[in-house]
């Protein structure tokens with residue numbers, strides 16, 4: 001367990017490293033070359049992948065959790081049945097997304113609030129939908145590799161190739177390429193990423209049969225409830241982040257969307273650092289539950305509580321104090337967010353971290369149905385409140401709405417999680 005945890009943590013750290021480097025490079029460079037308004041339009045367009053990536057109805061996450069437990073029990077035939085069933089449904093969803101987006105190509109412009117998309121932006125939007133479909137497919141293949149205990153190898157290369165997407169966009173922006181070319185680059189690199197994942201499955205999981213002969217409707221029905229619940233977390237995060245960007249862009253303009261996205265991206269660095277362990281622990285936690293290894297589960301819980309105390313809490317406080325200066329330095333003076341806004345975002349990040357990581361562990365064992373339903377309800381009720389709040393109080397109104405959303409989600413987790421002791425020690429880690 002220790003050797004596997006170490007390898008997974010190294011891979012997860014590498015994943016976070018690529019992500020943080022990309023986040024540090026993209027905003028200041030694109031702001032300098034495109035300006036805040038054009039960068040805001042690009043954020044408006046590219047927010048779609050995360051929003052549409054939940055269109056697989058959470059089956060990739062549910063399938064990965066169930067496949068991990070079946071493989072741990074030695075039930076490879078059942079794991080193959082799950083894989084083929086979810087693969088068929090995923091392909092159907094991907095094709096449906098691309099077909100549904102086709103009418104966008106026949107528009108010469110589109111306006112929503114203060115954002116106006118021209119023909120080039122709309123063509124890029126269509127390619128981004130195609131990219132979203134490929135993203136859904138790649139998530140299924142990556143989840144299958146993680147279920148087969150190939151987390152480290154698959155994650156390291158997958159995230160490195162994904163990092164190349166950002167590097168390629170930097171090159172395209174520097175050369176003055178259009179949004180369409182930038183989106184086309186995204187699609188091409190994602191195809192290469194999928195090809196690598198398929199190659200790795202053939203090489204490392206030769207027992208996993210391809211095709212649809214093992215497709216089973218009963219397996220589909222069995223995974224439907226946990227899949228919808230697993231979708232709740234991506235839906236909440238998508239509406240939480242990308243949805244707020246859309247609200248900021250339509251009510252306050254693309255420049256405000258750029259400020260919101262940049263400050264929130266900076267605030268999530270500490271969350272991603274804690275996520276190194278959370279992501280690495282998920283397949284191990286699934287396997288420990290499958291074989292009833294209580295000691296392994298307790299070790300993971302204790303480490304999680306310690307990380308919240310010594311990393312998340314101080315990190316959010318430091319961001320509140322120095323976040324404004326950091327964002328100004330990071331963007332070379334192109335953005336200067338108000339101190340109050342930065343503090344509000346820091347508080348929201350703290351509340352988010354208090355529930356998100358343990359929720360991942362619940363997802364890894366498919367015991368998150370009640371909490372998933374609560375997340376969807378809370379998100380759908382509170383997120384629209386950001387619209388009038390932004391009209392009345394600007395970006396501060398959106399930030400306060402985010403705090404309300406994260407706090408309500410945290411309280412839902414405390415109320416619905418079937419292990420109250422874990423919640424208690426997460427909220428007050430010094431009890432032990």
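The values are calculated or read from the model by the stated rules, or taken from the named source; none is laboratory data. What you see is a predicted model, and the numbers here were worked out from it, not measured in a lab. Note that each Cβ is placed from the backbone with ideal geometry, even for glycine, and that neighbours are counted across all protein chains shown.
Do we have residue 63 as assigned to a helix (DSSP H, G or I), modelled with pLDDT of 75 or more and farther than 19 Å from residue 132 by Cα here? In short, no. For the range 217-241: of the residues being surrounded by 18 or more Cβ atoms within 10 Å (Cβ to Cβ) and either farther than 30 Å from residue 348 by Cβ or at pLDDT 85 or above (or both), which is nearest to the chain's Cα centre (by Cα)? Per the criteria, the residue is 223. Annotation: of all residues in the range 174-216 being out of contact with any helix residue (DSSP H, G or I) (no Cβ under 8 Å at 6 or more places or on another chain) and assigned to a helix (DSSP H, G or I), the one that is surrounded by the most Cβ atoms within 10 Å (Cβ to Cβ) is 188. Only one of the numbered conditions (1) closer than 18 Å to residue 193 by Cβ; (2) in a strand (DSSP E or B) is violated by residue 110, and that is (1).
Among the residues that make up the range 246-254, is at least one of them outside any helix (DSSP H, G or I) and modelled with pLDDT under 80? No, there is no match, as no residue in the range 246-254 is outside any helix (DSSP H, G or I) and modelled with pLDDT under 80. Take the conditions (1) modelled with pLDDT under 85; (2) part of a helix (DSSP H, G or I); residue 342 misses just one of them, which is (1). Restricting attention to the range 384-415, report how many residues are surrounded by 21 or more Cβ atoms within 10 Å (Cβ to Cβ), under 16 Å from residue 238 (Cα atoms) and at pLDDT 90 or above. Here the count works out to 7. Among the conditions (1) within 23 Å of residue 219 (Cβ to Cβ); (2) free of Cβ contacts under 8 Å to residues at least 24 places away in the same chain, the only one that residue 73 does not satisfy is (2). Checked against the criteria, residue 163 counts as closer than 26 Å to residue 35 by Cβ, part of a helix (DSSP H, G or I) and in contact (Cβ under 8 Å) with a residue 60 or more places away in the chain. Among the residues of the range 320-338, those that are under 19 Å from residue 25 (Cα atoms) and assigned to a helix (DSSP H, G or I) comprise 323, 324, 325, 326, 327, 328, 329, 330.
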